1. How far is it, in nm, from the label point at ARG120 to the one at ASP54 when both lie 7 Å from their Cα along the line to the Cβ?
2. Once the other residues with Cβ under 15 Å from the Cβ of ALA51 are scored (Lys, Arg +1; Asp, Glu -1), what is the net sum?
3. Sort 139-149, 105-115, 43-53 by packing, meaning the average of other beta carbons within 10 Å per residue, with the highest value first.
4. Which distance in Å, rounded to a whole number, links the C-alpha centroids of region 1-73 and region 127-147?
5. Could you give the length gained by full extension between GLN76 and ARG154, i.e. 0.36 nm per residue of separation minus their alpha carbon distance, to one decimal place?
6. Quickly work out the SER35-to-GLU2 label distance, labels modelled 7 Å from Cα along the C-beta direction, and quote it in nm with one decimal.
7. Estimate the FRET efficiency between ARG112 and THR69 by the formula 1/(1 + (r/R0)^6), using the beta-carbon distance for r and 25 Å for R0, to the nearest 0.05.
8. What's the carbon and sulfur percent of the chain's accessible surface, probe 1.4 angstrom, rounded to a whole number?
Amino acid sequence: MELEAEFTSEPFRGEGEPPAHAVEAMRAAGHAGLSTDFGPLGTSARGDADALLDALPAIVRAALDGGATRLTLRIQRPGDNGATPSEPGSVLDRMVREVEAELGSPLRELDRPGKQRAVRLLEERGAFQLRKSVAAVAETLGVTRFTVYNYLNREH
């Protein structure tokens, strides 16, 4: 079974280099063999359930030793974000289908740059003004909510 963890360490920084506590927590996850996605709002780590659970103490220690004053952690099974994917026929579903047609592939099958482009296109169409849209788009893309937020915060 696979699990994913989303963690955010504080204090946050705005622009510039990420804080040491965030970098160290991500490195600890990587050293444990987990795949990571690092961004300005947090980090997600994914891998075998046992590997992820065994790595949590090292991730927490790395963040705290790196200067974190707080670490927020959420663990879930991939794709189980508590949100209902966009309902067929809904405004969000229509926007997703348009972007899939424009990009020539279902969103879940896109590579990372393709998923980043899809998020930008959905943002341009106003998709993220809809209630629970980030969670629904994350489900459709096969990524975490943090990943969608990270894509939204990247420079275009």
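The values are calculated or read from the model by the stated rules, or taken from the named source; none is laboratory data. Fair warning: this is a prediction, and the values are worked out from it, not measured in the lab. Here the Cβ is made from the backbone with ideal geometry for all residues, glycine too, and neighbour counts use every protein chain on show. Please note that ligands, DNA and RNA were not included when accessible areas were found on the heavy atoms of the full protein model with its side chains. Shrake-Rupley method; radii C 1.70, N 1.55, O 1.52, S 1.80 Å.
1. Between ARG120 and ASP54, the label points sit 4.0 nm apart.
2. -3
3. Values: 139-149: 22.7, 105-115: 14.4, 43-53: 18.6.
Ranking the peptides 139-149, 105-115, 43-53 by packing returns 139-149, 43-53, 105-115.
4. Distance between centres, Cα-based: 21 Å.
5. Going from the current span to full extension adds 25.6 nm.
6. Label at GLU2, label at SER35, 0.5 nm between them.
7. 0.20
8. The nonpolar share, carbon plus sulfur, comes to 49 percent.
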